[in-house]
Structure formats: C-alpha cells, structure tokens
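Here is the structure we will look at, set down as structure tokens.
The values are calculated or read from the model by the stated rules, or taken from the named source; none is laboratory data. The model shown is predicted, which means the values in this text are computed figures rather than measured ones. Reconstructed Cβ throughout: ideal geometry from the backbone, glycine too, with neighbour counts over all protein chains shown. When the accessible area is computed, the model is the full protein with side chains, heavy atoms only, and any ligands, DNA or RNA have been set aside. Shrake-Rupley method; radii C 1.70, N 1.55, O 1.52, S 1.80 Å.
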Amino acid sequence: AHIEEVAAFTADDLQAVEAFRIQYLGKKGLLNDFFAAFKTVPNEEKKAYGQAINELKTAATEKVNGLKEALTDKAADAGKYGDLTRPAESVSLGARHPISIVKNQIIDIFSRIGFNVSEGPEIEDDWHNFTALNLPEYHPARDMQDTFFIQTDPDILLRTHTSSVQVRYMENNQPPIRTISPGRVYRNEAISARSHCFFHQVEGLYIDKDVSFADLKQTLQFFTTEMFGKSEIRLRPSYFPFTEPSAEVDVYWGLETETDYRITKGTGWLEIMGCGMVDPNVLSNCGIDPNEYSGFAFGMGIDRIAMLLYGIPDIRLLSENDVRFLEQFKSAL
Ligand code: PHE
C-alpha cells in the first residue's frame, strides 16, 4: 500500500516534496519505524519484510530526487522564459521596402493600360546593353553611363539601364508590344546622398502601327496623374542614342497643402524620366520592321521617385537596411 502511495505522489513545489521526504525518510519517518519494527517480525517473514522496506526506501528516495530535479528545472525555465502560460506576444510583421512599394504602384498603373511586365538579367552583354540600342563601340554617348565591366571580358557587364530588357523583349516578340521592365541597374558612380552605384529603374516600351509622339505624351500624362495626383508635366528636348526625338519629362512638384508630407524641400519642375520615339535603327537591330512599326520608350528611376514621394533625403538609406528607417513603411502598401 505504501509503495503505491509513493508512486502516485506528485508535488507542485519543493516544500511539498520536503514534507513527503520527512514523512518517509526523515528521522522519525515511516521507514525508520519500519526498520525499528524489523526486530519484532517473525524469522520466517524477515526476508520478505526486509525486501519490502528496502524497496519502499528506494522508491521514496527516487521519488524525492526526481521531483526535486523537475521542480528546480521548472523554476529555472520560468526564470528564463517568464510565465509560460501567458498569452503569446503578437508577431511583429515587417514592412515592404519603399522601392518595392513604388515599383508595385508603377506596375499597377501601367498594367491598367495594357502593359505587361518583362524582366532580364542584371549581368548583360554589350549587344543588349549598348550596341543594339544604337550605341556602337566607341560611341561617345557610352560615357553617359559609366559602366562596370567584368575585367576578363569586356563583352560582359552589369547593365546600366533596363533598356537591355526591351531589346531582349523585341528580339523575342513581334508588335503590338506594350511592356514595362523594372529592375536593378548599375553605374560606376561616386556614392553620395544623390547617387549610388546601383539603383532601380522602370523602363517602358510601346510598339505598334502608327504610334506617335502624341500617344507618348498621353501615356505619360496618365501615368503622372495616377502616380502623383493632379500633375502638370513638361517635356524638354533631350538626347538618347536609342530614341529620336528624345525628351526629358518634368513634373511640377508643389505643396498641395501645408501638411503635405511628401516633400521636405523644394517645389518647382522636377525631372523624373527620359523618353522618346524608338530610333528606327533600334527596331531593325531587334528584328522589327521600322517601315511597318513605330513606338515610344521611356525610363525612370524608382529610387528617385520613392525619395520624392516619401521625402527621403539620402539615396543611401534605401540600401543600408536600417530597421529604424524601414519600419516607417509599415503602414504603406
Ligand atoms: N535608358 C535611359 C536611361 O537609363 C532612359 C530612357 C529610356 C530614355 C527610354 C529614353 C527612352 O537613362
């Protein structure tokens, strides 16, 4: 009966274990009583009696040690983890990166007017990044984009713009073409608050029969209105080897209200992208007949637009992964 009692015993704290120990194993405990009674047991029963009390002693000792150990571990765990029965803390969700937020917005706007998304490699060859785009070797305009080359092979480079994706797209698809190409690009520039050796672009390409400059303007106006709200744009003549004519697009950036959070300083015309009618040479380089088709292209920097929209003063913040910076975009989608 005692053996069963010992086996069934449990305790929630060390005090209870100690009381149990005294009850069985203490000086005035049950076991000592049993041992004392040994003398009075008839000889023929001594053997069984002895075995029984030894068994009881072992069981009680093991019980006490086991319970002590378990309770001490539990106490240590509680110290380490606190109250293990309390409700869990809420999981802290990350924030989307501002570059992704703005990129997704741009993709969303252009997808509403029929543009799909195309992507290509960041490590490019000379043909797709330059030559096909009307920038033959030794063309001075190559200097517009300082390039990282793979030292052992001047044909392999880090793309300087995602126009390379447009070349690949035209090589593989016939018009009508409506595609935008978001991605990271690299330029060998000194790193400062305003420029980095890598940044992100979205370039767009529209090729079909009878595409005109008016279509380009209308598309850009649609985009800037969707992106920035009420917006006025201005096109300034410019030069790109792959478009003719070419233009730079400015948006008028003004404070709409005194509490407009988007810009910390500066209002006025701000350049946000380059654009133009695709040069017929580029079309034929990519296997599209320039006598049948025409088109426009444009390209913008995502980093720059994100900086404008969120009032980010330094482009380096976008790649430093400082959680204090990134956490601020938790409420943005
Ligand atoms: N590729 C140009 C750049 O990286 C942008 C551009 C794209 C300009 C398409 C005109 C047409 O600056």
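Numbers for the structure displayed
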| item | result |
| --- | --- |
| For ASN116, residues with placed amide H under 5 Å, excluding near neighbours | ARG178, THR179, ILE180 |
| Hits among aspartates and glutamates - C-alpha to C-alpha of LYS27 under 19 Å, sequence gap 8 or more where chains match | GLU18, GLU55, GLU62 |
| Proximal lysines relative to LYS217, as straight alpha-carbon distance under 30 Å, when same-chain residues fewer than 8 apart are discounted | LYS103, LYS209, LYS230, LYS265 |
| Accessible surface, the chain, averaged per residue in Å² (probe 1.4 Å) | 57 |
| Proximal charge balance of PHE9 [Cβ under 12 Å; K/R count +1, D/E count -1] | -2 |
| Rounded percent of accessible protein surface that carbon and sulfur make up, the chain, 1.4 Å probe | 52 |
| Counted charge near GLU320, where neighbours are those whose Cβ lies closer than 14 Å (Asp, Glu -1; Lys, Arg +1) | -2 |
| Ellipticity estimate at 222 nm from DSSP helix runs (n ≥ 4, -39,500 (n - 2.57)) divided over the chain, nearest 500 | -12000 deg cm²/dmol |
| Sequence ranges 38-44, 16-22, 303-309, 247-253, ranked by mean other-Cβ count within 10 angstrom, highest first | 303-309, 247-253, 16-22, 38-44 |
